[in-house]
Amino acid sequence: MLKGILRAHTEPLRALAAAWLAAGATCYELWSEGERLAQWPEGAITGEPLIEAPIMAGGLVVGTLRVAGATGPDATQRLGAEAALIGSLATIEQELDTMTVELIDMQDQLLALYELTQSTRSHLRIDDTLASLARDSARLARSESACAILAQEQTLLVVQHPPGAVARTCRRNCLGDSRVARACCCWGRATPNCRRGRAICALSRSRFAARRSLP
């Protein structure tokens with residue numbers, strides 16, 4: 001995390017280091033996970049006295065600022081304020097990264113929904129429509145497999161993606177008054193569509209690559 005901060009804000013950090021050196025300090029360093037990321041001036045020998053300030057981001061210590069050749073409460077308070085500033089930058093960078101990932105995921109979901117609506121319009125047979133629904137839903141949920149189940153009177157239509165994803169014993173056990181609900185229970189989480197208290201269609205998926213809810 002702090003490596004990215006160092007790359008993006010090298011000049012401001014160098015200016016902070018120059019101010020310390022001008023005030024009599026002999027070395028200004030940035031550390032993270034036991035590794036020295038930067039040192040001003042380069043090649044300086046760290047000696048005593050030495051003051052440190054932790055860099056916090058997201059409630060965790062992500063690094064340390066060190067200054068050699070400076071003492072006193074004023075120097076300690078100043079270094080703490082600089083560490084807090086760097087921690088705020090790291091927190092903002094972390095939040096931006098999270099927002100970027102969420103936006104990419106949202107874009108993928110919208111694209112999958114668009115392709116789903118387009119593909120279902122081109123099918124005339126119900127099994128082809130369910131196959132398209134299962135395939136695109138698996139992609140949308142980022143799961144390895146999915147199935148679409150449709151109950152029609154005494155028949156149960158199960159379409160799987162990929163083919164064979166649902167065990168035959170599971171399909172046999174799904175027959176009965178609550179066949180769709182039982183199909184969902186033995187397969188995994190499902191999103192049933194109900195009419196007049198009776199489940200007539202359900203969509204189910206398993207083995208998530210990431211936790212995600214179907215829209």
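The values are calculated or read from the model by the stated rules, or taken from the named source; none is laboratory data. The structure presented is a predicted model; accordingly, all values stated were derived computationally and were not measured. Methodologically, a virtual Cβ is constructed for each residue, glycine included, from the backbone with ideal geometry; neighbour enumeration extends over all protein chains shown.
Would you call P41 more than 22 Å from Q77 (Cβ to Cβ) and either modelled with pLDDT of 90 or more or small (G, A, S) (or both)? Criteria met by P41. Do any residues in region 100-122 that are of a type outside the set (S, T, N, Q) have Cβ atoms under 8 Å from those of residues that are outside any helix (DSSP H, G or I), where the two are at least six apart or on different chains, and which pairs are they? From region 100-122, the pairs are L113/P215.
Confirm whether T100 is closer than 25 Å to L2 by Cα, outside any helix (DSSP H, G or I) and of a type in the set (S, T, Y). Taking the combined requirement at face value, the residue does not satisfy it. Residue count for region 26-52, restricted to those that are touching a helix residue (DSSP H, G or I) at 6+ places or on another chain (Cβ under 7 Å) and of a type in the set (G, A, S): 2. In this entry, T26 passes the filter for residues that are farther than 18 Å from L6 by Cβ, in the same structural domain as E82 (by TED's automatic domain parsing), surrounded by 15 or more Cβ atoms within 10 Å (Cβ to Cβ) and of a type in the set (V, I, T).
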